[in-house]
Amino acid sequence: MEVFFSRSEEETIEWARGYAESLACGDVVLLEGEMGAGKTMLAKGLIAGMGIPEEVTSPTYAYVNEYGGRIFHFDCYRIQSIDVAYELGLADYFGRGGICIVEWGEKIKELLPDTVKRIEIRKTKEGREIRY
Ligand SMILES: Nc1ncnc2c1ncn2[C@@H]1O[C@H](COP(=O)(O)OP(=O)(O)O)[C@@H](O)[C@H]1O
Ligand SMILES: [Mg+2]
């Protein structure tokens, strides 16, 4: 695992734009960290880095936002059970060749593929520690 230390949200976005270059079709990226750690900020950088010019907003209420028909950004925080996740059709997004970026993936563990990429982001006194 490598570590990047970010001192501002701009540095997080820039780091994520660079990381996005390593992503390929079919990848599932789990963004892990507590509330307010910077998962959505990281997702913004990833999505921008994949050439999407749209503004990225938190999908907290919609559960999943789609960009360019090929990038899917999930926020599963509010999902109460795996049955609800199935009813919402969330299982259909994985393994279909898109790129999935997932916040609170622990809520939908059963739906995730065996192979995922993980990025952990953690608040520290001076900024954010990003492990990948
Ligand atoms: N170095 C940093 N990287 C990312 N976010 C930061 C950083 N420093 C401060 N922040 C702030 O932390 C908050 C992160 O919010 P958000 O990305 O929505 O978190 P999460 O999705 O993990 O709940 C934002 O208000 C952002 O401006
Ligand atoms: Mg978020």
Determine whether the stretch 88-95 contains at least one residue that is in contact (Cβ under 8 Å) with a residue 60 or more places away in the chain, surrounded by fewer than 19 Cβ atoms within 10 Å (Cβ to Cβ) and within 15 Å of LYS39 (Cβ to Cβ).
-> no
Collect the residues in the stretch 58-70 that are away from ligand 2 (no atom under 16 Å from the Cβ) and in a strand (DSSP E or B), keeping them in residue-number order.
-> GLU66
Do any residues in the stretch 1-15 that are among the aromatic types (Phe, Trp, Tyr) have Cβ atoms under 8 Å from those of residues that are at pLDDT 95 or above and part of a loop (DSSP other than H, G, I, E, B), where the two are at least six apart or on different chains, and which pairs are they?
-> PHE4/TYR132; PHE5/GLU126
Output for the stretch 17-49, where each listed residue is in a strand (DSSP E or B) and away from ligand 2 (no atom under 16 Å from the Cβ) = VAL28
Would you call ALA62 within 16 Å of ligand 1 (Cβ to nearest atom), aliphatic (A, V, I, L, M) and modelled with pLDDT under 95?
-> yes
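The values are calculated or read from the model by the stated rules, or taken from the named source; none is laboratory data. What you see is a predicted model, and the numbers here were worked out from it, not measured in a lab. Neighbour counts are summed over all protein chains in view; Cβ atoms, including those assigned to glycine, are modelled from backbone coordinates with ideal geometry.
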